[in-house]
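The values are calculated or read from the model by the stated rules, or taken from the named source; none is laboratory data. The shown structure was predicted, so the numbers you read here are calculated from the model rather than taken from an experiment. Neighbour counts are summed over all protein chains in view; Cβ atoms, including those assigned to glycine, are modelled from backbone coordinates with ideal geometry. With ligands, DNA and RNA removed, areas are computed over all heavy atoms of the protein, side chains included. Shrake-Rupley method; radii C 1.70, N 1.55, O 1.52, S 1.80 Å.
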Amino acid sequence: MPDKILVTYATRTGSTVGVAEAIGETLAKDGLQVDVLPMQDVVDLAPYRAVVAGSAIQNYQWLPEAMQFIQANQTALAQKPFAAFLVCMTLAMKNAEKYRPFVAEFLQPVRALVEPVSEGLFAGVLDISKVPTFGDRLKFRLSVVFGAWSEGDHRDWEAIRAWADSIRPLLLQ
């Protein structure tokens, strides 16, 4: 069995890249071999003993290319330890803890295909200038004005690294 772990991700504005890199760095700190790659660059899962996959959330779901990755690799993922994470701005809202169960449901389509050994739920970065559509930029601006959340980096690096540490033994089974 290969010793390498894959951390792969899908992103829209880049904050999921940072989360994936932090997970990869944390897993690699004790000498594990880890590749951190965008999902579109993953050709074959055979070289990996385990996979950690994550996606930004858009419209209450993983990005389409992330779901396509899970669907295309469902059989291979079911045969090795698999952990999933998401990056969602809902978790940056005031009283975010009350939204965690709601946000956790965004992983249901993934669970329906491959059951993760663990799930990580993380807030992202709100940079309105990177939001692709005018309508969505307007919604975010209004949400900021009305105090739903603030612009900026809401990623909790300590929580991200703690989750990565917690999945290490699960990925090495």
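List of remarks:
- Of all lysines in the structure, those lying under 26 Å Cα to Cα from Lys4, and not within fewer than 8 positions of it along the same chain, are Lys29, Lys80.
- Heavy-atom accessible surface of Met67, to the nearest 10 Å², is about 30 Å², with a 1.4 Å probe and all protein chains retained.
- Spin-label pair Glu97-Thr133: with each label point 7 Å from Cα along the Cα-Cβ axis, the two points sit 3.5 nm from one another.
- Counting heavy atoms of the protein chains alone, Val125 has an accessible area of about 40 Å² for a 1.4 Å probe.
- For region 83-104, the residues whose amide N sits under 16 Å from a probe point set 7 Å from the Cα of Gln173 along the beta carbon direction are 83-84.
- Amide H contacts for Val7 (H built 1.01 Å from N in the peptide plane; partners 5 or more residues away or on another chain; cut-off under 5 Å): Asp35, Val36, Leu37, Val52.
- Within the same chain, lysines fewer than 8 places from Lys94 are excluded, and of the rest, those with a Cα less than 25 Å from its Cα are Lys130, Lys139.
- Accessible surface computed residue by residue for the chain, with neighbouring protein chains in place and a 1.4 Å probe, gives 50 Å² per residue.
- Per-residue 3J(HN,Hα) values for region 118-128, derived from phi via the Karplus relation 6.51 cos²θ - 1.76 cosθ + 1.60 with θ = phi - 60°, read 7, 10, x, 10, 9, 6, x, 10, 9, 10, 4 Hz in sequence order (x marks Gly and Pro).
- Span-like helix criteria (full DSSP H runs; alpha carbon extent of at least 18 Å along the helix axis; mean Kyte-Doolittle hydropathy of at least 0.5) are satisfied in the chain by 15-28.
- Measuring only protein heavy atoms, the 1.4 Å probe finds Lys29 accessible over about 120 Å².
- Percent of C-alpha pairs per 10 Å bin, region 53-132, short to long: 18, 50, 25, 7, 0
- Accessible surface of the chain, 1.4 Å probe: 52 percent of it comes from carbon and sulfur atoms.
- Peptide packing for 101-114, 145-158, 70-83, 4-17 was compared via the average number of neighbouring C-beta atoms within 10 Å per residue; ordered from the highest value, the list is 4-17, 70-83, 101-114, 145-158.
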